[in-house]
Amino acid sequence: MTTARPLEGRHAVVTGGARGIGLAIAQRCMASGASVALWDVEAAALADAVRQLAPLGTVTSALVDVRDEDQIARAASQSQENFGGIDILVNNAGVLGPTVSAWEHTPAQWRNVLDINLTGAWLCCRAIVPVMLARQRGRIVNIASVAGKEGNGFNAAYSASKAGLISLTKSLGKELALSGVLVNCITPSAADTAVFADVPAEHREQLRSALLARVPMGRFVEVDEVAAMAAWLASDDCSFSTGAVFDISGGRSMY
Ligand SMILES: NC(=O)c1ccc[n+]([C@@H]2O[C@H](COP(=O)([O-])OP(=O)(O)OC[C@H]3O[C@@H](n4cnc5c(N)ncnc54)[C@H](O)[C@@H]3O)[C@@H](O)[C@H]2O)c1
């Protein structure tokens, strides 16, 4: 049954939680009663985020690069020590990578996007699934993208990483179906966040307009809209969905 604070007593780890969609998800989880650990690589943004969220409840932060399994292991142990376990993992950390033809990515650029967006999420699952299994309960929410369903032109590494994340969601969902740990992903269309900051200024507006033109509802998704869906997927109200892909694209991808 839905309550006003459906995540009361739960502890959530949000990767890439220092700003944008991750910060909105952390805020929504806290407003729903959860304590939250923000994992991110941006120290100053983390400090700002903690200041912003502290009035809502218990929030901690850790400098964690999701490419680094040792940093993940240390932060996961910290969460377990401080909060007695981890109930919710939101794999949100992500980068867009270069906006160029598929064959023009350098190998280093390609690997970096895959390392952060896909392998990073897998490394976090690798560390935290056993923690959830020990208590036979948990919710994992992966922030993928419509790009992972459709394969955006000129963002091949990004699109491939998000397709991989969708597939990881399905594999894990099947493997954990009887365990009490549910795994789902969200595929937003474009949100107006700093994810576009690395796109050269002269191409940024063009890219944003092209992305927006594909959305029948004709606007960016608000970070709070993604956060509301993530918080529901993190709650006990989500009880019979796993390995599933939840669309939030204003009608762009109706499948
Ligand atoms: N903004 C969009 O249009 C959009 C659309 C669909 C999906 N998404 C996905 O949503 C997620 C959040 O994106 P956003 O729009 O809020 O972008 P953002 O750039 O505002 O936030 C991303 C966060 O991830 C952190 N991060 C980057 N690399 C990291 C690493 N190696 N380890 C830990 N943290 C790292 C950044 O410091 C930042 O705080 C991403 O996975 C993105 O792909 C975004």
ask   = Going through the stretch 71-96 one residue at a time, which ones are within 10 Å of the ligand (Cβ to nearest atom) and either open to solvent by less than 10 Å² (accessible area, probe 1.4 Å) or over 20 Å from ALA230 (Cβ atoms) (or both)?
value = GLN71, ILE72, VAL90, ASN91
request  = Take TRP39 and decide whether it is closer than 20 Å to SER167 by Cα, of a type in the set (Phe, Trp, Tyr) and at pLDDT 95 or above.
outcome  = no
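What helices (runs of 4 or more DSSP H) lie completely within the stretch 131-216 and have 1 or more residues being more than 15 Å from the ligand (Cβ to nearest atom) and closer than 28 Å to ASN82 by Cα?
By residue number, 156-175.
From the list GLY9, GLY20, GLY33, GLY57, which one is at positive phi and under 18 Å from the mean Cα position of the chain (by Cα)? Step through it out loud before you land on a result.
Numbers: GLY9 fails: under 18 Å from the mean Cα position of the chain (by Cα); GLY33 fails: under 18 Å from the mean Cα position of the chain (by Cα); GLY57 fails: under 18 Å from the mean Cα position of the chain (by Cα).
Answer to the selection: GLY20.
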ask   = Can we say ALA49 is open to solvent by less than 20 Å² (accessible area, probe 1.4 Å), without any contact (Cβ under 8 Å) to a residue 40 or more places away in the chain and closer than 15 Å to GLY16 by Cα?
value = yes
query = If you go through the stretch 212-253, how many residues are open to solvent by 20 Å² or more (accessible area, probe 1.4 Å) and farther than 30 Å from THR3 by Cα?
reply = 8
query = Do we find that LEU63 is within 13 Å of the ligand (Cβ to nearest atom) and either within 16 Å of THR193 (Cβ to Cβ) or in contact with a Gly (Cβ under 6 Å, 6 or more places away or on another chain) (or both) in this structure?
reply = no
inquiry  = Quick check on this structure: which one of THR106, THR99 is over 14 Å from the mean Cα position of the chain (by Cα), more than 14 Å from the ligand (Cβ to nearest atom), farther than 28 Å from GLN80 by Cα and hydroxyl-bearing (Ser, Thr, Tyr)?
reply    = THR106
query = So is VAL199 more than 20 Å from PHE240 (Cβ to Cβ) and open to solvent by less than 10 Å² (accessible area, probe 1.4 Å) or not?
reply = yes
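The values are calculated or read from the model by the stated rules, or taken from the named source; none is laboratory data. None of these values were measured; they are calculated from a predicted model. All Cβ positions, glycine included, derive from the backbone under ideal geometry; neighbour counts span all protein chains shown. Just so you know, the surface numbers come from the protein's heavy atoms only, side chains and all, with ligands and any DNA or RNA stripped out. Shrake-Rupley method; radii C 1.70, N 1.55, O 1.52, S 1.80 Å.
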